[in-house]
């Protein structure tokens, strides 16, 4: 087990692309970036999942048909925002 603690991952040499200024200036971009969560330079997907948990917990109390309708509307709105 201790040999795992001594193992070091190689440093990432990938350049992090700059965050577009429009994310902070245009409300639609801000929403498309998950209220700014998509701009986090480390683990943006994990942070976005953590941000989505309260939305899921809120929606899970709805009837199935309403839940499906809202998820479909949200998916369509997300596609429009990502255009």
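Bear in mind these aren't lab numbers, they're just calculated from the coordinates by the rules spelled out. Keep in mind it's a predicted model, so treat the numbers as computed, not measured. With ideal geometry, Cβ positions are generated from the backbone for all residues, glycine too; neighbour counts draw on all protein chains shown.
Does the range 44-83 come out rounded, prolate or oblate, given a ≥ b ≥ c as the square roots of the eigenvalues of its C-alpha gyration tensor, rounded meaning a/c under 1.5 and, failing that, prolate meaning a/b above b/c? Display every interim value, and only then the final one.
Values: a/c = 3.91, a/b = 1.14, b/c = 3.43.
Oblate shape, in that a/c is at least 1.5 and b/c is the bigger or equal ratio.
Using a Förster radius of 30 Å, what is the FRET efficiency between residue 65 and residue 29 based on their Cβ-Cβ separation? Nearest 0.05, please. Could the numbers behind the result be given before it?
Numbers: r = 32 Å, r/R0 = 1.07.
Given R0 = 30 Å and the Cβ-Cβ separation, E is 0.40.
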